[in-house]
Structure formats: C-alpha cells, structure tokens
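Rule-based calculations on the coordinates, nothing more; no lab input. Note that this is a predicted model, so its numbers are computed, not measured. In this analysis, Cβ positions are derived from the backbone assuming ideal geometry, glycine residues included, and neighbour counts consider all displayed protein chains.
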Amino acid sequence: MLRSLKVDDSRIDQTMSSTTPQQTVHRFTVVGSTNDEAKTLAVAGALHGTIVRSDSQTAGRGRHGRRWESSVGNLYLSYIFRPETRVRTAAQIGYIAAVSVAEIIEELAVDVVQVTCKWPNDVLVDGKKVCGILAESSVSPGGTLDWIVIGIGINLTSHPHDVRWPATNLQAAFKRFIVADEVFEALTCRLHGWMDSWLDAGFDRVRRAWLNRAWSIDSDITVALQGRSVTGRLVGLDTEGALILQRVDGAKETIHYGEVFPAETR
Ligand code: BT5
C-alpha cells in the first residue's frame, strides 16, 4: 500500500480509492510535476490505474522540456498504466488519452464547439489548445513496457497567452462554470473504458475515434521534424499510430515524431 512506497506522504493531502477497484488517487495541493510524482510511484511499484492529481504545479512540463503553465483552477493529472505491451505500441496510449479528453469535452459542451485532436496528443476547442498530454515510460530488461505515465493538463479556468499555439480554457469557451471534480471523474472513467477496449480489441477503434476529430484531416499541414520540415496532406494514422502525410509529389511519408503547424504558404 501507499506507506510501503517510497514517496514523501507527508506532502500528500489525501489518498483515496476511486470508482474503479485498485485505483488509488494521490491528491496534492501543489507539486513540481504530477508526472514526476507518478514516476516515483511507478518505480516504487504502484499499480496499473494509480492516479496523481494536483491543484497546481511549480514545474509543470510539456514535451522536450517545455514549460506547462500550471496555475490553480485547472486540472493536472498523471495516470500510471502497466499494460503488457511492446514499447512501440505504448505510444498508442497517448491517443487513448486524447480521445478520452475530447469525448468528455464534447459531452460538457452545451453550445456548439468544435473539439479536435491535434497530432500527436493535443486537444483543441475551436482551434485553441485546452489540453496537453505528456507520456513518459520505462522499459523492462526484457524489452517490454514496464510502466507508462500519461500526464494530462486541462485548462478549466485560465490559460496562458504567450504560447506557441493559441490557447483557451473550458470556462471561457463554454461561458459557464466548470466543476473540476466532475471533469476528473468523467475523464478517469472514460480513460479506463478506452484502456480496456484497447487491451481487448487493439488500436483500431481508438485510431478511428481520433481520426474522426483530427485537426486538419485531409488538409495541408506542415510538420517540423528534426532539422527539416515537410508539408503535405494529413491523410491518416497508420496501424501503429504514426502520422501519414501525402506530399505534393504524391509520395506518402510516415512520421513518428514532430510538431504540426498550419501549412506553410509556398
Ligand atoms: C504538452 O507539451 O502539451 C504536454 C503538456 C502536459 C502537461 C501535463 S500537466 C500534468 C502532467 N505533469 C506535467 O508536468 N506535465 C503533464 P507541448 O506539446 O510541448 O506543449 C508545450 C507548449 O504549450 C509550451 O511551450 C507553451 O507554448 C504551451 N503551453 C504551456 N502551458 C500551456 C497551457 N496551460 N495551455 C496551453 N498551452 C500551454
């Protein structure tokens, strides 16, 4: 149980069971990064489904060490999963998270808003970023996945302005009060549902759910890769989860890592 795990539990405000059996929620007021807390717990043996939630973060992280603005009022969560899977397949869990977030936002929306998934794992409301996802994992000596931590930040009441991609928050987008606990419960439930579906039936359903709301699907986009960028039509995701781009010369390019932008005007 928690006390046998090597975490400083004097800093944990509350530890409780959630709706799903074996799912413990470690609740903090403030942490550096929920992903770091979750990684410490994972290394100490925390079970599949364990959750870290904090009201704010002092060192919230995006990908490539970028900063994630983490003031009080938004949602900061990290989920520990231990699926028996190959490391390469684990990238699909980022899509599970993005689809889960997109679906619960669609359910929360009273007015008509457009909820899209931007590759690889952002969720946008009317083209503006409300959610970022950071996956970090560890490989076992046998080469399979030991654990993966999926960090999710959702802007509920505030968002930064000085950012790479325009941002918004759900309260501003929906013009009504959003109850953080309701979003948390709905997301956790949905995420576990999609996780079970993925474990039983594989990636195809997740892939189709993501593509149904993919930002700029069938349109031209530019992807910044290491040292170069490529422009083409976003035509899909492959069966592993890589992005498929059709270049102007007709050739298809499969992309595993990169940053997506509106197409550069040529
Ligand atoms: C992401 O990275 O979008 C992943 C963010 C994951 C955050 C969660 S919060 C819980 C868990 N604990 C953590 O420490 N992290 C995870 P990326 O695609 O690299 O986007 C980062 C960029 O988004 C920054 O460089 C800013 O330009 C912008 N940004 C920063 N904070 C933002 C916010 N709150 N809302 C929208 N955009 C933001």
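Could you tell me which of rounded, prolate or oblate describes the stretch 45-168, using a ≥ b ≥ c as the square roots of the eigenvalues of the alpha-carbon gyration tensor, with rounded for a/c under 1.5 and, failing that, prolate when a/b is larger than b/c and oblate otherwise? All intermediate terms of the calculation are to be shown ahead of the outcome.
Working: a/c = 1.95, a/b = 1.61, b/c = 1.21.
Since a/c reaches 1.5 and a/b is larger than b/c, the shape of the stretch 45-168 is classed as prolate.
Evaluate E = 1/(1 + (r/R0)^6) for ALA224 and ARG82, where r is the Cβ-Cβ distance and R0 equals 22 Å; express this FRET efficiency to the nearest 0.05.
Values: r = 33 Å, r/R0 = 1.49.
About 0.10, to the nearest 0.05.
Of the options VAL31, THR168, LEU225, report the single residue whose Cα projects farthest towards the positive end of the charge dipole of the chain (beta-carbon charges: Lys, Arg +1; Asp, Glu -1).
In the chain, that residue is LEU225.
Which residue, VAL99, VAL206, VAL113, has the most motion in a Gaussian network model of the chain that connects Cα atoms within less than 10 Å?
VAL113
Find the all-direction average of the projected area of the Cα convex hull for the chain, expressing the result in square nanometres with one decimal place. Don't skip to the answer; put the middle values down first.
Values: hull surface 59.2 nm².
Orientation-averaged projected area of the Cα hull: 14.8 nm².
Quick one: putting +1 on the C-beta of Lys and Arg, -1 on the C-beta of Asp and Glu, what dipole do you get for the stretch 117-266 around its Cα centre, in Debye to the nearest 20?
That gives the stretch 117-266 a dipole magnitude of about 500 debye.
What's the whole-number percent of alpha carbon pairs in the stretch 75-146 lying beyond 21 angstrom? Intermediate values should be presented prior to the final figure.
Working: 883 of 2556 pairs.
Pairs farther apart than 21 Å: 35 percent.
Could you tell me how many degrees, from 0 to 90 and to the nearest 10, lie between the Cα long axis of helix 180-201 and the main elongation axis, the longest principal axis, of the Cα atoms of the chain?
70
Run the numbers on the chain and let me know its relative contact order in percent, using alpha-carbon pairs under 8 Å that are six or more apart.
Details: 539 pairs, mean separation 37.1, N = 266.
The value is 14 percent.
ARG208 label point, 7 Å along Cα→Cβ, cut-off 15 Å on backbone N: hits in the stretch 105-129?
none
Which of ILE255, SER140, TRP215 sits farthest toward the positive end of the charge dipole of the chain, with +1 on the Cβ of Lys and Arg and -1 on the Cβ of Asp and Glu?
Working it through, the farthest residue towards the positive pole turns out to be ILE255.
Charges only on Cβ, +1 for Lys and Arg, -1 for Asp and Glu: so what's the dipole of the chain about the Cα centre, in debye to the nearest 20?
Working: 29 positive and 31 negative charges, 96 e Å.
Charge dipole of the chain: 460 debye, to the nearest 20.
Can you give the extra length, in nm with one decimal, that the chain gains between LYS128 and THR254 once fully stretched, where that is 0.36 nm per residue apart less the Cα-Cα distance? Mind dumping the intermediate values first?
Numbers: separation 126, 0.36 × 126 = 45.36 nm, distance 2.56 nm.
Using 0.36 nm per residue and subtracting the Cα-Cα distance, I get 42.8 nm.
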